[in-house]
Structure formats: C-alpha cells, structure tokens
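Peer 1: After the structure tokens below, expect a handful of questions from me.
The values are calculated or read from the model by the stated rules, or taken from the named source; none is laboratory data. These figures come from a predicted structure and were not determined experimentally. Please note: Cβ atoms are built from the backbone with ideal geometry, for glycine as well, and neighbour counts cover all protein chains shown. Surface areas here come from the heavy atoms of the whole protein model, side chains and all, with no ligands, DNA or RNA. Shrake-Rupley method; radii C 1.70, N 1.55, O 1.52, S 1.80 Å.
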Amino acid sequence: MKRVGKAVTVLVLVLAVLLLGVSVVITYPDEYQLIRQFGEIVRVVETPGVSFKIPFVQNSASVPKELQIYDIPKSDVITKDKKSMIADAFVLWRISDPVLFTRHLNGQVAQAQSRISASVFSSMKSVISNMDQAEIIENRNGKLALDIKENIGDSLDGYGITVLAVETKSLDMPDDNKQAVYDRMISERNNIAASFTAQGNSSAQKIKNDTTKEVSVMKSKAMAEAEKIKAEGEAQYMQILSNAYNDANKADFYNFVRSLDAAKAALKNGDNTLILDKSSPMAQIFYGY
C-alpha cells in the first residue's frame, strides 16, 4: 500500500508539472502572445513576462512585435514626362494590431510583405507619375520618400500594419538613356550658370559706373571748394596788404621786407653778388635814402 501511495504521489506530481507546463505562457519583449480558445483570439499578451492560459482549452501563438525591414523588389516606374526609371526601395514597418494582423494575414509575415509591396509600389507609381524626371532626381534627398509614405496613408491599417518609413535606395534611369539625360541636365545647368554670370557682370558694371560718376562729382565739388577757399585766401591777403600800406609806418616795414624777399630771390644758384641801381627803391632802402 505504501508503494502504491508513493506511485500515486509521483504520478500526481508529474501530471501537475505537465499541467503547469501547458498552462504557462512566456512572452518576450519582441513579440505578442495571442491566446486562442476554440480558434478565436480571446486575449493578447503584450507585456513581457510569464502569464497563464487554460490548459488543453486555450493555446498560444507569437506574433513579431519588433521593427521589421522589407526590401521591396526593383520595379519600373514612368515619370510625368514619360521617362522610364528603375526604383529600388525598402520599408520600415511593424505590426500595430496583432489581432487584425492574424485575422486577415494569418499571422504570416510573408503575406504582410506582399501587401506592403503592392501598397508601396502603387504609392510610388502615383507620386512619380506626377513629377518630371529632373524634379525626381533633385528630390531624392528625402522629400520623395516622404511623399511616397504620406501617399500610402492608412491603406494598411486594416491589416494591423503601420508603415514607419519608405526609403529609396536608388532611383535611376535605365542604362540606355542615362548618359543622354545627364548631358541634358549638364547643359541646362551651364545655361543657368551663364545667365547668372551675365547678370552679375551687368550689376558689377553698373556699380562701377555709378561709383566713377560719384567720384567725379566729389572731385569736382572738392576742386570748386578749393578754388573758392584759395580765392578767399587771396582776397584776405590783398586786404591785409591794403591795410598795411595805408599805415605809413607799416608801409615802410613791408617795403623793406619785400625788398629783402626780392634780393633773396635774386641770390640763387650760388650767386652772392647783387647789383642795384642807386636810384632803385631797393637801393634807397639799403642806403637809407
């Protein structure tokens, strides 16, 4: 009886362990756990950790929660000016509603990628068809990708999918017409550069002409002002002389000074001999006549 009791106890413990094993649900940070009961989803476990389910009645399945990246196959698109281009892009997406994702896509990432590829291609085709080839090339710095993502809108929300970003790895022309397009773009840029250069030269010449005119006017005004000041100075000088000659004492002094200046002017170039007529005013000053 003791052996039977021990066997029953061991059996109960084994069954308890097995029951506990099929009741425990472990959820990791990068996943959702969907709890199904008779095929219907009754609960979604989003918080990492350990939870429980009803054994043999409920079962669990995981769905990815982390950010997903999908490399879309290359495709041909036509621009507004009817030019063919080859688009190569990738998508960053995640599952936002695991219930919708499971109901409509059977929880299969491959089916989700197929839906994403179709939606992104449709959006890319719509955006690029409204832009010229040159405009597309100029907007490859981020604006084109943003327009494509915005054009997708909420078309994938019904599948429990959220598109976070659409990035174009390359958006190029087929090899057979690539060089011709590049040559045309270079020619257009050269024409624009030549136009800017001509405008710059014209503006520079206008500034130079205006500056020359202003300098000429300023020089004319300065010369006129100088002549005016010179005339005023000479007038004052003549007035001073006139006042000096009106005074007999001052007149003799100025006559003496002017005679000395005249003698000094005559004794230049090493000549130290001054010959005067006795009757000249200068001689009379020197002799005291």
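Peer 1: Would you mind checking 80/149; 80/169; 65/169; 206/228; 221/264; 208/228 for any pair whose Cα atoms are more than 27 angstrom apart?
Peer 2: 206/228; 221/264; 208/228
Peer 1: Moving on to the next point. Largest first, how would 218, 131 line up by accessible area (1.4 Å probe)?
Peer 2: 218, 131
Peer 1: Under 5 Å between amide hydrogens, which residues at least 5 positions from residue 72 or on another chain qualify, with H placed 1.01 Å from N in the peptide plane?
Peer 2: Distant-sequence amide H within range of residue 72: 89, 90, 91.
Peer 1: Which ³J(HN,Hα) values, rounded to whole Hz and listed in residue order, are derived for region 148-160 from phi using the Karplus coefficients 6.51, -1.76 and 1.60 in 6.51 cos²θ - 1.76 cosθ + 1.60 with θ = phi - 60°, glycine and proline given as x?
Peer 2: Karplus-based 3J(HN,Hα) across region 148-160 equals 5, 5, 5, 6, 5, x, 9, 5, 9, 4, x, 9, x Hz.
Peer 1: Then there's this: How many percent of all Cα-Cα pairs in region 80-207 sit more than 24 Å apart?
Peer 2: 47
Peer 1: Sticking with this one: If you take the charge dipole of region 144-230 about its Cα centre, with +1 on Lys and Arg Cβ and -1 on Asp and Glu Cβ, which of 168, 212, 223 is farthest toward its positive end?
Peer 2: Result: 223, furthest along the dipole toward the positive end.
Peer 1: While we're looking at this one, here's another question. Considering only 50, 99, 73, whose Cα is most displaced toward the positive end of the charge dipole of region 19-126, charges sitting on Cβ of Lys, Arg (+1) and Asp, Glu (-1)?
Peer 2: With unit charges placed on the Cβ atoms, the residue in question is 73.
Peer 1: Which ³J(HN,Hα) values in Hz, rounded to whole numbers, follow from the phi angles of region 38-49 under the Karplus curve 6.51 cos²θ - 1.76 cosθ + 1.60, where θ = phi - 60° and Gly and Pro get x?
Peer 2: Per-residue couplings from phi come out as 6, x, 9, 6, 10, 7, 10, 9, 9, 7, x, x Hz.
Peer 1: Ok, one more. With Kirkwood's inverse mean 1/r over C-alpha pairs for Rh, give me the Rg to Rh ratio of region 92-155, two decimals please.
Peer 2: 1.09
Peer 1: Let me ask you something else. Measure out, as a whole number of angstrom, how far apart the alpha-carbon centroids of region 111-127 and region 185-199 sit.
Peer 2: Centre-to-centre distance over Cα atoms comes out at 39 Å.
Peer 1: Could you pull out every residue, at least 5 positions away or on a different chain, whose amide H is within less than 5 Å of the one on residue 164? Hs are placed 1.01 Å off N in the peptide plane, and Pro or chain starts have none.
Peer 2: 92, 93, 94
Peer 1: Please give, to one decimal in nm, the separation of the simple spin-label points placed at residue 122 and residue 257, each 7 Å out from Cα toward the Cβ.
Peer 2: 11.0
Peer 1: Continuing with this model, one more query. I'd like the Kirkwood hydrodynamic radius of region 36-147, using the inverse of the mean 1/r over distinct C-alpha pairs, in Å.
Peer 2: With all distinct Cα pairs of region 36-147 included, I get 17.0 Å.
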